[in-house]
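Let me begin by presenting the structure, written as C-alpha cells, before commenting on it.
The values are calculated or read from the model by the stated rules, or taken from the named source; none is laboratory data. These numbers come from a predicted model, not from an experiment. Heads up, the Cβs are rebuilt from the backbone with ideal geometry, glycines too, and the neighbour counts pull from every protein chain shown. Ligands, DNA and RNA are stripped out before the accessible areas are found, and what is left, the full protein with its side chains, is counted by its heavy atoms. Shrake-Rupley method; radii C 1.70, N 1.55, O 1.52, S 1.80 Å.
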Amino acid sequence: MLVFVIRRSIQAVFVLFIMSVLVFIGVYTIGNPIDILINPLADQQERERAIAALGLDKPMWAQYATFLSGALHGDLGKSFVHSTSALGLILERMPATLELALAAMLIAITLGIPLGLWAGLKPSSFSGRSIMAGSILGFSLPTFWVGLMLIMVFSVMLGWLPSNGRGETVLLLGVPVSFLTIDGLRHLAMPATNLALFKLSLLIRLTRASTREAALQDYVKFARAKGLSPRRVIGVHIFKNILIPIVTVIGLELGSVIAFAIVTESIFAWPGTGKLLIDSINQLDRPVIVAYLLVIVGIFIAINFVVDVLYSLLDPRVRLGAAAAGH
C-alpha cells in the first residue's frame, strides 16, 4: 500500500504540472483583462502602469515561471479584481459548493441505489418500468429548465421555498454551513434537488444494470439453490458485488458535481465557487480562473485516490493485482 501511495502521489504531481501548463496557456491567451479593468478614458501611461502592476508586461513563459514559483509555496496568484489571494477567494466560497454537492450526492445515493436495485430485481413490474421511465426524464430534462420550473412552482406559485441565496448559516468546526438551520435547509432543498436529478438517474440505471447482471451469475443461483433467504441473497451476494462499479461512479460523479455546479449556482444565486468562476470569466480575472481549475483538478485526483483505496477494500483481487504488478 505504501508503494501504491507513493506511485499515485508522483502521478498526481505530474498531472498537476501538466494541467497547470495547459490551463495557464489556455486562459492567458484569451482576451485582454486591461480592456475591462482600466477606465477607457485612461491615458497610455496609466495603462502601462496597470499592465506592469499586474505583471502582464512580461512574456508568457516569464508569467508562468512566476506563477509556478508562487504555486510551489501555496500562492496561486492575486485576483486582478479583488486584489486578494485567488486561492483565498476560492477557499472562502468552497464550503458552500461542497455543501451543495454533498447534499445533491446524498439525495442521489439515498434514492438512486434502492430504486435501481428494485428496478433490477423486478424489471417487468409496473414499479420497475415506472422507475426506469423516470430515470429517462432525469437524463433528458436540462438542468437550467428544471431549476427554473422548481422556482416557478415552489417559490412563485406555492411560496413554500426561497428562490435564491444560502440562508442562515452556523459555524461547524469553524466552517459556515447551512444544513444545520431550518432556514438553511429551506434554501438548500431546491438547488440540491436540481443538481441531484441527473446523478440520481445515472445511479438508478447503473444499479439496475449491475443488479440484472449479478442476478444471473452462478454464485447467486447457487445461493438460492441452497435455500438462503431472498434478503440474504440480495444483501450479501448481489448488493455487495454491485458496489464496486457504483462506488467508482459515485466518486467520479462527486468530482463532476463540484466542478459543474455552475449552472445550478447561477440559477439559485448560490454563493459558491461556480458563481465566482462565472464572475471571474466575465471580468477576465485570470488568476482566479487558473486557481479554480487547478483546485478542481486537485479534487478529482484526491477523489480518484480514495476510490482506488475503497476498491481494494471491497475487492481483495485489486490488492492482489497491485501486489503482483509491484513485483
Q: Could you check, for the stretch 195-206, whether at least one of its residues is under 22 Å from I244 (Cβ atoms) and of a type in the set (S, T, N, Q)?
A: yes
N241 meets each of (1) in contact with a Leu (Cβ under 8 Å, 6 or more places away or on another chain); (2) at pLDDT below 80; (3) crowded, with 18+ Cβ neighbours inside 10 Å with one exception, condition (1)
Out of (1) closer than 19 Å to A101 by Cβ; (2) open to solvent by less than 90 Å² (accessible area, probe 1.4 Å), the one L180 does not meet is (2)
Pairing a residue in the stretch 269-282 that is touching a residue at least 60 places away in the same chain (Cβ under 8 Å) and part of a helix (DSSP H, G or I) with any residue that is among the basic types (K, R) and buried (at least 17 other Cβ atoms within 10 Å of the Cβ), where Cβ atoms lie under 9 Å and the two sit 6 or more apart in sequence or on different chains, gives T273/R93; G274/R93; K275/R93; L276/R93; S280/R286
Of those in the stretch 246-259 that are touching a residue at least 12 places away in the same chain (Cβ under 8 Å) and within 19 Å of V295 (Cα to Cα), the residue most open to solvent (accessible area, probe 1.4 Å) is L252
query: Would a scan of the stretch 275-289 turn up a residue that is within 15 Å of the chain's Cα centre (by Cα) and either among the hydrophobic types (A, V, I, L, M, F, W, C) or under 21 Å from L137 (Cα atoms) (or both)?
result: yes
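Taking L185 as the residue in question, decide whether it is under 34 Å from the mean Cα position of the chain (by Cα), free of Cβ contacts under 8 Å to residues at least 24 places away in the same chain and more than 23 Å from L310 (Cα to Cα).
So L185 fits the description; yes.
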| Does the stretch 212-229 contain at least one residue that is in contact with a Gly (Cβ under 6 Å, 6 or more places away or on another chain) and at pLDDT 75 or above? | yes
Selection from the stretch 149-174 of residues open to solvent by 60 Å² or more (accessible area, probe 1.4 Å) and not in a loop (DSSP other than H, G, I, E, B) yields M149, M152, F154, V156, M157, L171, L172
Within the stretch 15-42, residues modelled with pLDDT under 80 and among the aliphatic types (A, V, I, L, M) come out as V27, I30, I34, I36, L37, I38, L41, A42
Of the candidates T66, T84, T97, T110, the one satisfying the condition of being of a type in the set (S, T, Y), modelled with pLDDT of 80 or more and touching a helix residue (DSSP H, G or I) at 6+ places or on another chain (Cβ under 8 Å) is T97
Only one of V220, V257 is assigned to a helix (DSSP H, G or I), over 21 Å from L102 (Cβ atoms) and either within 19 Å of the chain's Cα centre (by Cα) or not charged (D, E, K, R) (or both), namely V220
Considering residues that are small (G, A, S), in contact with a Gly (Cβ under 7 Å, 6 or more places away or on another chain) and either within 30 Å of P162 (Cα to Cα) or open to solvent by 40 Å² or more (accessible area, probe 1.4 Å) (or both), the number found within the stretch 267-315 is 1
